[in-house]
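Contents: one structure, followed by commentary.
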Amino acid sequence: MDVELTQSRVGGRARAPPSKSYTHRAILAAGYSDGAVVADPLVSADTRATMRAVRAFGGAVDRADDDRRLDVDGFDGRPTVPDDVIDCANSGTTMRIVTACAALADGLTVLTGDESLRSRPQGPLLDAIQQLGGRAESTRGNGQAPLVVGGGVDGGTASIPGDVSSQYITALLMAGAVTEDGISIDLETELKSAPYVDITLELLAAFGIDASETESGYRVPGGQQYERADPYPVPGDFSSMSYLLAAGAVAAADEVVVEGAQPSAQGDSAIVDVLERMGADISWDRGAGEITVRRSALSGIEVDVGDTPDLLPTIAVLGAVADGDTRIVNCEHVRYKETDRVSAMATELAKMGVSVSESQDTLTIHGGDTRLQGATVAGHDDHRIVMSLAIAGLVAKGTTTIEDADHVDVSFPAFFDVLYDLGAELERHER
């Protein structure tokens, strides 16, 4: 599907979808238990991959007709060897957290995904599982999927870099709780995207699991049981909210109010601070879970995305509208997502007339030298690239066409419906 957007003013109330990060973890935590309910989950292409994995390990996941709850019959900490290959599709989170789960089974599990996922790095996690006595191999010997994993890991200590993906740490913590000896993780480098591990610790506690940060990394004792008597409520997703808040800051006729913004451990709530620093008229009623933003004159700033990599596309678009330079630093790890998001944003914004400078670890948007023009841009099979370019299309002169825009299904399936309801002028065209 391609989407055409023309310069628009937006306004009104909108609700971002539930958090993808929390939903992934909640589904697998319920799978590790003997049964639990996940309330208000995000049901998307990525989270369906995690549901499939839980079923493959011997659990069951039943979706309510309105997708407002998932009833999970878990495998009680003892995953069985799947009957078939587990297809993680495009979900990097699924592949990583499921890889550690597969290491608990005595037999072997094969994991794969689409072309994009098969190009993403898994080597450090495979090495950690080998340190713990498991078998973990890349079939092509390049640290990328397809993967073969198993060995019945009982626990131990693993040393792992922290600057490639925090999902490795999440995977080991979640699996380590049900091992005999527990798992200690020693970080070899500074941890990037640390708030995502905070999300994991918060969710583990909600399922009765004790895990904690240590001087050298993290530790989860073994012999624990995942338990949750009440439905686990998934909070709203700040990564997805960032596009709606950006839309309000650059294109609101009056104001945009985003609902479902309850405080949580999500690092991407930093988008509120970023907008404030850029000069946006924005306020957050934390008690009500509502953020109100109005169109504002923005100024360029420097933003470190070491802990918030998913915000880079949104910030890049804000920089294109702002006066002066916006420098996004500490972003090399953002190159290893669904696509190289640093290069993708530089390439596509340049098509729209944006002046951009790119280095390995920095993306600079020269807003003062930019006049946004409509253009045909590529979505790079990446939901965050698509949604951020849609926000640029709201303010670009003329028409912006985003190719392969249906990839929003990964995290925000109703994104274009929400944008349309806020007043955006857009048309969808099936390819």
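Some values worked out for this structure:
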| read-out | value |
| --- | --- |
| Residue within the stretch 190-204 that is on the phi < 0 side of the Ramachandran plot, over 17 Å from the mean Cα position of the chain (by Cα) and at pLDDT below 95 present | yes |
| Any hit, the stretch 116-137, residues being part of a loop (DSSP other than H, G, I, E, B) and among the β-branched types (V, I, T) | no |
| Selected residue [surrounded by 21 or more Cβ atoms within 10 Å (Cβ to Cβ), assigned by TED's automatic domain parsing to the domain that holds E259 and either under 24 Å from D114 (Cβ atoms) or under 22 Å from the mean Cα position of the chain (by Cα) (or both)] from A346, A316 | A316 |
| Residue that is nearest to the chain's Cα centre (by Cα), among those in the stretch 36-51 that are closer than 28 Å to E338 by Cβ, surrounded by fewer than 21 Cβ atoms within 10 Å (Cβ to Cβ) and at pLDDT 95 or above | R48 |
| Search result, residues across the stretch 311-348 that are in contact with a His (Cβ under 6 Å, 6 or more places away or on another chain) and farther than 14 Å from D382 by Cβ | D325 |
| Lone qualifier among D71, D66, D62 - being surrounded by fewer than 22 Cβ atoms within 10 Å (Cβ to Cβ) and part of a loop (DSSP other than H, G, I, E, B) | D66 |
| Verdict on V43 being within 17 Å of V234 (Cβ to Cβ), assigned to a loop (DSSP other than H, G, I, E, B) and outside the structural domain of V334 (by TED's automatic domain parsing) | yes |
| Residue match in the stretch 352-363 (condition: assigned to a helix (DSSP H, G or I) and closer than 30 Å to G162 by Cα) | no |
| Residue list for the stretch 394-406, filter: of a type outside the set (K, R) and either surrounded by fewer than 24 Cβ atoms within 10 Å (Cβ to Cβ) or in a loop (DSSP other than H, G, I, E, B) (or both) | V395, A396, G398, T399, T401, E403, D404, D406 |
| Some residue of the stretch 229-236 being modelled with pLDDT under 95, at positive phi and not aliphatic (A, V, I, L, M) | no |
| Residues of the stretch 222-239 that turn out to be surrounded by fewer than 21 Cβ atoms within 10 Å (Cβ to Cβ) and not in a loop (DSSP other than H, G, I, E, B), as a count | 1 |
| Filter result for G155 (crowded, with 21+ Cβ neighbours inside 10 Å, touching a Gly at 6+ places or on another chain (Cβ under 6 Å) and in contact (Cβ under 8 Å) with a residue 60 or more places away in the chain) | yes |
| Single residue of D87, D71 found to be touching a helix residue (DSSP H, G or I) at 6+ places or on another chain (Cβ under 8 Å) and among the acidic types (D, E) | D87 |
| Members of the stretch 128-138 found to be closer than 19 Å to V220 by Cα and touching a residue at least 24 places away in the same chain (Cβ under 8 Å), listed by number | A128, I129, Q131, L132, G134 |
| Counted residues, the stretch 2-20 - those being buried (at least 17 other Cβ atoms within 10 Å of the Cβ) and either touching a strand residue (DSSP E or B) at 6+ places or on another chain (Cβ under 8 Å) or modelled with pLDDT of 95 or more (or both) | 13 |
| Unique residue being within 30 Å of V293 (Cβ to Cβ) and not β-branched (V, I, T) when the list is Y226, Y232 | Y232 |
| Boolean, V293 is over 17 Å from the mean Cα position of the chain (by Cα), assigned by TED's automatic domain parsing to the domain that holds I185 and surrounded by 22 or more Cβ atoms within 10 Å (Cβ to Cβ) | no |
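Condition check ((1) under 19 Å from A247 (Cβ atoms); (2) assigned to a loop (DSSP other than H, G, I, E, B)) across all residues:
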| position | (1), (2) |
| --- | --- |
| R13 | yes, no |
| T23 | no, no |
| D34 | no, yes |
| V37 | no, no |
| T47 | no, no |
| M51 | no, no |
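Residue-wise test of (1) within 27 Å of C101 (Cα to Cα); (2) among the charged types (D, E, K, R); (3) assigned by TED's automatic domain parsing to the domain that holds D67.
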| residue | (1), (2), (3) |
| --- | --- |
| L201 | yes, no, yes |
| L204 | yes, no, yes |
| G208 | yes, no, yes |
| G222 | yes, no, yes |
| Q225 | yes, no, yes |
| M241 | no, no, no |
| A246 | no, no, no |
| E255 | no, yes, no |
| V258 | no, no, no |
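The values are calculated or read from the model by the stated rules, or taken from the named source; none is laboratory data. On a predicted model such as this, the values are computed, not experimentally measured, just so you know. Cβ: placed from backbone, ideal geometry, glycine included. Neighbour counts: every protein chain shown.
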